[in-house]
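Derivation of every value follows stated rules applied to the coordinates shown; laboratory data play no part. Just so it is clear, the structure is predicted and the values come from calculations on it, not from any experiment. Neighbour counts run over all protein chains shown; Cβ positions are idealised from the backbone, glycine included.
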Amino acid sequence: QVQLVESGGGVVQPGRSLRLSCAASGFTFNIYAMHWVRQAPGKGLEWVAIISFDGFNKEYADSVKGRLTISRDNSKNTLYLQMNSLRTEDTAVYYCARGTEGFGDYGWFDPWGVGTLVTVSS
Amino acid sequence: DIQMTQSPSSLSASVGDRVTITCRASQIIRSNLNWYQQKPGKAPKLLIYAASTLLSGVPSRFSGSGSGTDFTLTINTLQPEDFATYYCQQSFNTPLTFGGGTKVEVK
């Protein structure tokens with residue numbers, strides 16, 4: 001079955017870096033756009049970034065632009081989120097989610113991974 | 001950025017009730033509107049995409065309608081497993097944005 005499993009979360013000090021991974025299985029990874037979405041404790045959902053199926057196109061929320069970088073390795077069926085210059089407001093559960101096929105519009109998120117918690121604290 | 005406004009932010013209902021949640025976009029988004037259900041401690045799940053298309057496997061008591069700026073999620077005959085938080089999300093343009101959520105609680 002289609003499955004997404006995030007890893008790499010943890011506690012990190014402000015200003016430091018962290019890299020999240022999302023292992024995909026059960027579908028043809030290299031034909032789908034992929035997203036990162038986050039949720040601060042007790043808060044709503046915030047879209048973070050999208051990467052096209054081939055990795056050439058990327059877009060970001062303004063709140064993370066220049067600090068977080070989305071990438072993918074289609075040979076490993078894995079999505080990444082490199083997080084630099086972390087701030088306390090980046091504390092959240094980070095979900096990866098599958099987007100749409102090929103050159104489709106931005107579409108919907110389905111399915112979602114189980115999430116990984118990132119806590120930025122001194 | 002496109003702002004998504006959901007109402008109400010919470011509601012109390014009983015099993016068997018009909019529940020309606022509304023979502024309004026700050027600009028026209030055609031039918032680029034999706035609905036998700038989230039239970040505590042779990043990842044969100046897609047229910048409806050493109051405003052009114054039910055995801056395969058989602059019970060038919062869920063339905064979506066609307067286009068342009070105003071959208072509705074309806075749950076007919078509320079079941080115990082439907083108590084959760086519901087989010088709308090626009091996919092018209094980046095940044096992709098969510099409504100603030102509607103928590104459906106037991107009356």
Could you tell me which residue out of B:Leu47, B:Ser67, B:Gln3 lies farthest along the dipole of chain B toward its positive end? Charges go on the beta carbon: Lys and Arg +1, Asp and Glu -1, centred on the Cα centre.
B:Leu47
In nm², what is the average projected area of the convex hull enclosing the Cα atoms of the protein assembly as shown?
11.9
So for region A:1-55, what percent of the C-alpha to C-alpha distances run longer than 13 Å?
72
Along the charge dipole of chain A, pointing to its positive end and built from +1/-1 on Cβ of Lys, Arg, Asp and Glu, which listed residue (A:Gly9, A:Tyr95, A:Phe27) has its Cα farthest out?
A:Gly9
Quick shape check on chain B: root eigenvalues a ≥ b ≥ c of the Cα gyration tensor, a/c under 1.5 is rounded, otherwise prolate if a/b tops b/c, else oblate, and it reads prolate
So which of A:Lys65/B:Lys39; A:Lys65/B:Lys45; A:Lys65/B:Lys103; A:Lys76/B:Lys39; A:Lys43/B:Lys42; A:Lys43/A:Lys76 end up more than 25 Å apart, counting from Cα to Cα?
A:Lys65/B:Lys39; A:Lys65/B:Lys45; A:Lys65/B:Lys103; A:Lys76/B:Lys39; A:Lys43/A:Lys76
Charge dipole magnitude, Cβ of K and R +1, D and E -1 - the protein assembly as shown, Cα centre, debye nearest 20:
320
State to the nearest 20 debye the size of the charge dipole of region A:28-75 about its Cα centre, where the only charges are +1 on K and R beta carbons and -1 on D and E beta carbons.
180
Take each of the peptides A:23-30, B:65-72, average the number of other beta-carbon atoms within 10 Å over its residues, and list them starting from the highest.
B:65-72, A:23-30
How long, wide and thick is chain A, going by the Cα atoms along their three principal axes, in whole angstroms, largest first?
41, 27, 27
Rounded to whole angstroms and listed largest first, the alpha-carbon spread of region B:45-107 along its three principal axes comes to 35, 23, 20
If you average the sequence gap of Cα pairs under 8 Å that are 6 or more apart and divide by the length of chain B, what percent do you get for the contact order?
38
Between region A:27-57 and region B:57-92, the alpha-carbon center distance in angstrom:
22
